[in-house]
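Only one structure is covered here, and it is reproduced in the block below.
What follows draws every value from the coordinates through simple rules; no lab data is involved. What you see is a predicted model; the values in this text were computed from it and never measured. Note that each Cβ is placed from the backbone with ideal geometry, even for glycine, and that neighbours are counted across all protein chains shown.
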Amino acid sequence: MTNINDNYLKLRGAYLFPEIARRVTAFLEREPAAASRIVRCGIGDVTEPLVPAVLDAMHAALDEMGRRETFRGYGPPLGYDFLREAIVAGDFDGLDIAPDEVFISDGSKTDCGAILDVLGTGNRTGITDPVYPVYVDSNVMAGHTGEARDDGSYDGLTYLPCTADNGFVPAIPSAPLDLVYLCYPNNPTGGMITREQLRAWVDYALEHDAIILYDVAYKDFVREADAPRSIYEIDGARRCAMEFHSFSKNGGFTGVRCGYTVCPRELAGRTRGGEEVPLHGLWARRWSTKSNSVGYVVQRGAEALYSEAGRAQTRNVIENYLENARLLREGCRSIGLTVYGGVDAPYVWVTCPDGVDSWGMFDRMLEEANVVVTPGVGFGRCGEGYFRISAFNTRENVEEVVRRMKAMVNQPA
Ligand code: MLT
């Protein structure tokens, strides 16, 4: 019989968001009348349609595909130059990033898993807690962890607690790590890192020859003027960091699928024999072997996000989501809950009321308010006692969520 990858059997339960969907379905089977009332603020999925600049570009590209003279077959495996150049001009103006250091993909979720193809086993890996579950699960699947413990954490990973006390930015560890995952603006806590804190992480990585995998999927939500939008704003980051970008949240591409990574040419790892090898060539080899990149029409759509019209239009959409986050923050505060995040990020991180744990709050919100949220503990042990509300929704729904939460506290338990 064929061998399977046993590491998959170490995974605890389902991936978080399908598990939430399963629980919502089970609730609706019990209470079908609630179906029309459900408001989904769980997974961070956008609700606003693609902006006109993107639609126009995609329509034009589709027309090109319909004519023999302009039809395109396989594209360059690492992405079209027009998109790589637009990215460098738009996201790295004044920073030392070249178009051939940009790798186009179908999204940063893919990249977060794929990167482990080119990294070896035995790396001491630091993961923030709470964390975007993809980092953990993809390490489990790749065999980079031991077994799951009773609390859902895994042997072999170093968890870096992110708590209200440290502002949801992990302390620099005293022990050396080889690989560290950081995500700012943070999913799930909605927190942001300061330039000084990020500099401390870059210094740590340089000192310990470590690599930082820096996820900036939510960078266009940052409003704090001095906050870093890219790790490459910090001196030395080219030698110790890869950056993961997504068009899902800023461009509404969750269903379109496009993102990119930056892998600077200086970034290197080590062979078992101790020889230094740049990751750039390995990453390029990985993509050109395992993928034919992303469709032409999609890449033209992504390019349009960097046009003047695209920028102005997406800015409006992002402002709208951030206003939702503000309303959710204010609403939660008005009923006595302690709230974090939601200023430079589309996620509001809320402390559960006394005596209620994360899944308990998920159940209460679902059953009493018919609102789907994400239980904080689903993102890791340090998320216990919190729940996350996504601001990706219509204004009408957000106002309704606030009304229902207020009504919930006014009802006898
Ligand atoms: C989330 O809700 O945490 C994210 O939307 C999930 C994702 O981006 O894959």
Cβ-based charge dipole, the chain, positive-most Cα from Val216, Gly66, Ala114: Gly66
Loop-only check: which chymotrypsin sites (Phe, Trp or Tyr not before Pro) in region 1-92 are DSSP coil with at most 16 other Cβ within 10 angstrom? Tyr15, Phe71, Tyr74
Taking the Cα centre of region 1-79 as origin and charging only Cβ (+1 Lys, Arg; -1 Asp, Glu), how large is the dipole, in debye to the nearest 20? 360
For a test of the definition: using alpha carbon positions, the gyration tensor, and the 1.5 limit on a/c, classify region 216-278 as rounded, prolate or oblate. oblate
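Net charge near Val373: determine it from the other residues with C-beta under 11 Å of the C-beta of Val373, scoring Lys and Arg +1 and Asp and Glu -1.
Neighbour charge sum, excluding Val373 itself: +2.
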Which one of Ala14, Ser36, Ala26 has its Cα pushed farthest toward the positive end of the charge dipole of region 4-43, where Lys and Arg give +1 and Asp and Glu give -1 at the Cβ? Ser36
Contact order normalised by residue count of the chain, Cα under 8 Å, 6+ apart, percent: 23
Report the net charge of residues surrounding Ala57, where surrounding means a beta-carbon distance below 14 angstrom and charges are Lys +1, Arg +1, Asp -1, Glu -1. -3
Under the classification rounded if a/c is under 1.5, otherwise prolate if a/b is larger than b/c and oblate if not, where does region 22-92 fall, given a ≥ b ≥ c as square roots of the Cα gyration tensor eigenvalues? prolate
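Taking the Cα centre of region 53-307 as origin and charging only Cβ (+1 Lys, Arg; -1 Asp, Glu), how large is the dipole, in debye to the nearest 20?
640
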On a C-alpha basis, how far is the centre of region 355-413 from the centre of region 16-87 in Å? Whole number, if you could? 25
What GluC sites (Glu not before Pro) in region 11-96 are in a loop by DSSP, with at most 10 other Cβ atoms within 10 Å of the Cβ? Glu69
Region 140-282: relative contact order in percent, alpha carbon pairs under 8 Å with at least 6 residues between: 15
Restricting to DSSP loop positions (anything but H, G, I, E, B) with no more than 11 other Cβ atoms inside 10 Å of their own Cβ, which GluC sites (Glu not before Pro) remain in region 263-356? Glu275
Compute log10 of I(q)/I(0) for the chain with the Debye formula, placing one identical point scatterer on every Cα and leaving out solvent, at q = 0.10, 0.11, 0.15 Å⁻¹, to two decimals. -0.70, -0.85, -1.50
Can you give the longest stretch of the chain with no exposed loop site, where a site means trypsin sites (Lys or Arg not before Pro) in a DSSP loop (not H, G, I, E or B) with at most 10 other C-beta atoms within 10 Å? 69-271
Using the Cα centre of region 154-293 as the reference point, and only Cβ charges (+1 on K/R, -1 on D/E), how large is the resulting charge dipole? Debye, rounded to the nearest 20. 700
Cα to Cα, under 24 Å, and not fewer than 8 places away if on the same chain: which lysines meet these conditions relative to Lys10? Lys109
